[in-house]
1. Would you tally the residues in segment 1-29 being part of a helix (DSSP H, G or I) and either of a type in the set (Asp, Glu) or modelled with pLDDT under 70 (or both)?
2. Identify, please: which residue in segment 62-90 is under 13 Å from the mean Cα position of the chain (by Cα) and small (Gly, Ala, Ser) and is, among those, surrounded by the most Cβ atoms within 10 Å (Cβ to Cβ)?
3. Can you give me the number of residues within segment 91-101 that are surrounded by 10 or more Cβ atoms within 10 Å (Cβ to Cβ) and not in a loop (DSSP other than H, G, I, E, B)?
4. Can you name the condition, by its number, that Phe87 falls short on among (1) within 22 Å of Lys120 (Cα to Cα); (2) at pLDDT 85 or above; (3) of a type outside the set (Asp, Glu)?
5. Cβ-Cβ distance below 6 Å, separation of 6 or more or different chains: which pairs start in segment 43-60 with a residue that is among the aromatic types (Phe, Trp, Tyr) and end on one that is surrounded by 15 or more Cβ atoms within 10 Å (Cβ to Cβ)?
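The values are calculated or read from the model by the stated rules, or taken from the named source; none is laboratory data. These figures come from a predicted structure and were not determined experimentally. Cβ sites come from the backbone with ideal geometry, for glycine too, and all protein chains shown count toward neighbours.
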Amino acid sequence: MNISIQKSDELGAAASLLCLLHCLGTPLLFLLFGGGHASDFSLPFWWGYMDSLFLLLGFAAIWQVQNRSGLLWVKYALWGSWSALLFIILMEKTALLELWEGFILFPTVALAGLHIYNRKYCKCKQDRCCVK
């Protein structure tokens, strides 16, 4: 699977933004169609698995970026944000630790922003080149 670094950043930013819409959309769907009560409305079974899909897409995008980007701090920030997102989703799914649901917004916005930043500023210059 040979994807260019720009395509990886586009995939990562798109997956992060879709994840953000998914996270914001779930409570809105309950409010709109469930009258504010979770017991009055149930989402389709596949809706709960979308976060796993976004995590996998994000992992693939970060893997491609980390192998081809020269911005070390961006690599660490991408992995840190992805790990935070994974942690929050695991805690939500397993109910081991109750977290404020808004916490999920921070890593998703960070991932999208980092991918956009990397795509924009990771260009070959005379003193450094982002592609190995």
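1. The total comes to 4.
2. Out of the qualifying residues, it is Ser81.
3. We begin by selecting, within segment 91-101, every residue surrounded by 10 or more Cβ atoms within 10 Å (Cβ to Cβ); these are 91-93, 97, 99, 101.
Okay, now just the ones that are also not in a loop (DSSP other than H, G, I, E, B), so 91-93, 101.
Of the residues in segment 91-101, 4 are surrounded by 10 or more Cβ atoms within 10 Å (Cβ to Cβ) and not in a loop (DSSP other than H, G, I, E, B).
4. So Phe87 meets the others, but not (1).
5. Once the first residue is among the aromatic types (Phe, Trp, Tyr) and sits in segment 43-60, its partners that are surrounded by 15 or more Cβ atoms within 10 Å (Cβ to Cβ) give Phe54/Ala15; Phe54/Cys19.
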